[in-house]
1. Among the residues of the range 75-91, are any part of a strand (DSSP E or B), at pLDDT 90 or above, closer than 20 Å to VAL159 by Cβ and touching a Lys or Arg at 6+ places or on another chain (Cβ under 8 Å)?
2. Identify, from the list ILE118, ILE107, the residue that is under 16 Å from the mean Cα position of the chain (by Cα), over 23 Å from ILE164 (Cα atoms) and of a type in the set (Val, Ile, Thr).
3. If I filter the range 164-178 for residues that are surrounded by 14 or more Cβ atoms within 10 Å (Cβ to Cβ), among the hydroxyl-bearing types (Ser, Thr, Tyr) and over 25 Å from PHE39 (Cβ atoms), do I get at least one hit?
4. ILE72: of a type in the set (A, V, I, L, M), modelled with pLDDT under 90, surrounded by 13 or more Cβ atoms within 10 Å (Cβ to Cβ) and under 21 Å from GLY151 (Cα atoms), yes or no?
5. Cβ contacts < 9 Å: first residue in contact (Cβ under 8 Å) with a residue 12 or more places away in the chain and part of a loop (DSSP other than H, G, I, E, B), restricted to the range 54-69; second residue polar (S, T, N, Q) and surrounded by 15 or more Cβ atoms within 10 Å (Cβ to Cβ), any location; separation 6+ or different chain. Result?
6. Would you be able to tell me the number of residues in the range 33-53 that are within 18 Å of TYR108 (Cα to Cα), part of a loop (DSSP other than H, G, I, E, B) and without any contact (Cβ under 8 Å) to a residue 60 or more places away in the chain?
7. Can you pull out the residues in the range 115-141 that are assigned to a loop (DSSP other than H, G, I, E, B) and crowded, with 18+ Cβ neighbours inside 10 Å?
Amino acid sequence: MGVSANPPGDPSGKVAVAKLEDAARLARELKAPGGGAKFVNWARKHSLWPIPFGTACCAIEFMGMVGSSLDISRFGAEFVRFTPRQCDLMIVAGTIVNKMAPVLKKIYDQMAEPKWVISMGACASSGGMFNTYSVLQGIDRIIPVDYYVPGCPPRPEAVLYAIIELQKRISEDPDPLKSREAMREKWIRGIKGRGLTPKAKLLLGKDGQGK
C-alpha cells in the first residue's frame with residue numbers, strides 16, 4: 001500500500017504513507033530485546049511539545065515555522081504549550097537580558113524530564129550584536145543547549161532541521177528511562193563562562209587584553 005507522486009509506471013517518486021510490512025517489522029522489533037526502549041524513543045520522537053521563549057524577531061520566524069507553509073505538525077511537534085509542566089522542548093528565540101535569565105532558568109527547571117533545548121538565532125546563542133553588560137552572552141551560561149541554530153534571524157527551515165536532528169538523536173537513545181540531567185548540567189558554561197567566548201576573542205584578542 002502506498003501513494004505514488006509520479007505518473008503510473010514511474011516508481012522513482014513513490015512515497016509510501018502506510019505499509020503493512022512496516023507495521024509488521026515494528027512489531028517484530030518490539031518483541032526483540034530492547035524493544036521497549038525503541039518503542040519509548042519512537043513515541044518521544046513523534047510527540048515533541050515545544051514551549052517557545054520568544055523575546056525578539058526570531059519569534060516571528062518561529063511563527064512562520066508553525067504556520068501552514070512549513071507546518072511542523074508533519075513532524076509531530078506542533079503541540080505548542082505555554083506551561084513548562086506539559087512541554088519537553090524549549091526553543092529560545094531572541095535576546096535574553098540578565099534580568100530575564102532567572103525566569104528562563106526557572107521555566108527550564110519546571111519542565112519535566114526528558115527535556116531538550118534549541119537555541120534559535122545569534123542573540124540566544126551568543127548575545128548576537130548586543131555585546132553589553134545587560135545582555136546574557138549565550139543561554140548556555142545558565143541552561144544546557146542541545147542544538148544551536150545560527151542566523152539573525154535564522155530561517156524557519158533551519159529550525160526544522162534542528163528538530164529533525166533532535167528526533168534522530170532521540171530515536172538512538174539506548175536507555176530512554178535514565179535521567180540525563182546530571183550529564184547535561186556539565187554543558188552549562190556559567191555566568192562568567194569557561195574562558196573567552198569566540199565573539200570575545202574576536203573583539204578583545206586571544207589574550208583578552210584588546211587589540
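The values are calculated or read from the model by the stated rules, or taken from the named source; none is laboratory data. Since the structure is predicted, the reported quantities are computational estimates derived from the model, not experimental observations. Glycine also receives a Cβ, built like all others from the backbone with ideal geometry; neighbour counts cover every protein chain displayed.
1. yes
2. ILE107
3. Looking through the range 164-178, none of the residues is surrounded by 14 or more Cβ atoms within 10 Å (Cβ to Cβ), among the hydroxyl-bearing types (Ser, Thr, Tyr) and over 25 Å from PHE39 (Cβ atoms).
4. The answer is yes for ILE72.
5. Listed by first residue and then by second, the contacts come to THR55/THR95; ALA56/THR95.
6. Here the count works out to 1.
7. Residues satisfying the conditions are LYS115, GLY121, GLY127, GLY128, LEU136, GLN137, GLY138.
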